[in-house]
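Presented below is the structure to which this report refers.
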Amino acid sequence: MTASKSLGRLVAVIPAFDESEVIGKVVDEIRAFDASVDIVVIDDASTDDTAEIAESHGAIVLRLPHNVGIGGAVQTGFKFALAENYDTAVRLDGDGQHDASELEKLLAPLERGEADLVIGSRFVDPGGTYRPPLARRIGIRVFARLVSLLGGQRVTDTTSGFLALDRIGIELFAAEYPHDYPEVEATLVALRSGLRLAQVQVRMRERETGSSSITFVRSLYYVAKVTLALLVASLRRYPRLETARR
Amino acid sequence: MTPLRISIVGVVASALLILIVLELIRGRRLKERYALLWLATGAVLLVLSAWREALNTIAGWLGVTGYPPAVLFAVATLFILLVLLHYSTVLSKLTDENVELAQRIALLEERVSRALRASNTTKL
């Protein structure tokens, strides 16, 4: 399918660190979904040839001079989208866990003008098949509750990095995006800034190579950092963005 | 009352701290903005070491009855904490600026190489 007119120019933002084995396939899959999408791979100072492979598959590559972490890398892509005047941005992981064939579902609420931010959630549909390990399941659920409570809207999956943004969303995240473990806090910032959030059920694949950036040792830091960030974010004042454009 | 020997050591140590900081500033190895807290630390410790009656009085206020020099250590610790906290804020700011710079370089490099490609194709 091709993106409808109402989505305007579309860019796919893909942060990647040492993903040379899968990055080519990720780029090809997005191209197969829609050949008109511009694909931007942000190479977070990989030690392998991720950047070259992405480039040879036709992606625009932004090379960070040193590793800035996933959030800083993603934000580079949003800054690119803002500077190059894209109307819509989608963000997928560079490891292939986000299925490009699900993009159509992700973009539908934007196309209908119902949302500024669409999150691909693994838990909208209670019958979903995704069953993470117990500890992670508890973590995901606790953060979802906390963000729902502080943000005033029920959110089912705050740890998903599979999302789509309209122009307002691009502007917000280009200006404000946490540098490490960004997804949970970014969701709350979006809600508190008045963005309209939609969630759609998506399938996610098991990682094809490498391991999740959240190892067991880091999970304590993750929980502490994200909890603190959420509590502080709920004390901060965010300007309400003008989202009703039509 | 504080033992005289402790007062002397306190005066010498805090004077030494002030001199070292001044020398670092003179040699441009320390910026004034990061030196001010150190100088304040040195000055306060110098005053409290030299002016023994004052240290005694403050110790009395704080309920430190047995050993007035404990106040000296407490004040020194407090100032070190302040300096460290200050550095944490500086570090956070530098981290943010550093990420911002890296992002701009990545964006600029892409724009430059795109512009170069475009100008090469027009030349051909």
Long-range neighbours under 7 Å by Cβ, at least six apart or interchain, first residue within 21 Å of A:R205 (Cβ to Cβ) within region A:101-117, second in a helix (DSSP H, G or I): A:S101/A:F33; A:L103/A:F33; A:L107/A:L7
Qualifying positions in region B:88-103 - of a type outside the set (G, A, S) and surrounded by 13 or more Cβ atoms within 10 Å (Cβ to Cβ): B:T95, B:N98, B:V99, B:E100, B:L101, B:Q103
Neighbours by Cβ (under 9 Å, 6+ apart or cross-chain): first from region A:143-159, closer than 15 Å to A:S193 by Cβ and touching a residue at least 40 places away in the same chain (Cβ under 8 Å); second hydroxyl-bearing (S, T, Y) and in a loop (DSSP other than H, G, I, E, B): A:V147/A:T158
Sole exception among (1) surrounded by fewer than 24 Cβ atoms within 10 Å (Cβ to Cβ); (2) closer than 22 Å to A:V200 by Cα for A:I70, by number: (2)
Region A:14-62 - residue that is within 14 Å of chain B (Cβ to nearest Cβ) and assigned to a helix (DSSP H, G or I) and, of those, surrounded by the fewest Cβ atoms within 10 Å (Cβ to Cβ): A:E52
Any hit, region B:69-82, residues being loosely packed, with under 10 Cβ neighbours inside 10 Å and either of a type in the set (S, T, Y) or touching a Lys or Arg at 6+ places or on another chain (Cβ under 7 Å) (or both): no
Tally, over region A:75-103, of residues that are modelled with pLDDT under 95 and of a type in the set (D, E, K, R): 4
Selection within region A:73-97 - surrounded by fewer than 24 Cβ atoms within 10 Å (Cβ to Cβ), assigned to a loop (DSSP other than H, G, I, E, B) and either within 10 Å of chain B (Cβ to nearest Cβ) or aliphatic (A, V, I, L, M) (or both): A:E84
Members of region A:100-113 found to be under 15 Å from A:V27 (Cα atoms) and surrounded by 17 or more Cβ atoms within 10 Å (Cβ to Cβ), listed by number: A:A100, A:E102, A:L103
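The values are calculated or read from the model by the stated rules, or taken from the named source; none is laboratory data. Owing to the predicted nature of the structure, the values given are computational and were not obtained by experimental measurement. A quick note on method: Cβ atoms are made from the backbone with ideal geometry, for glycine too, and the neighbour counts reach across all protein chains shown.
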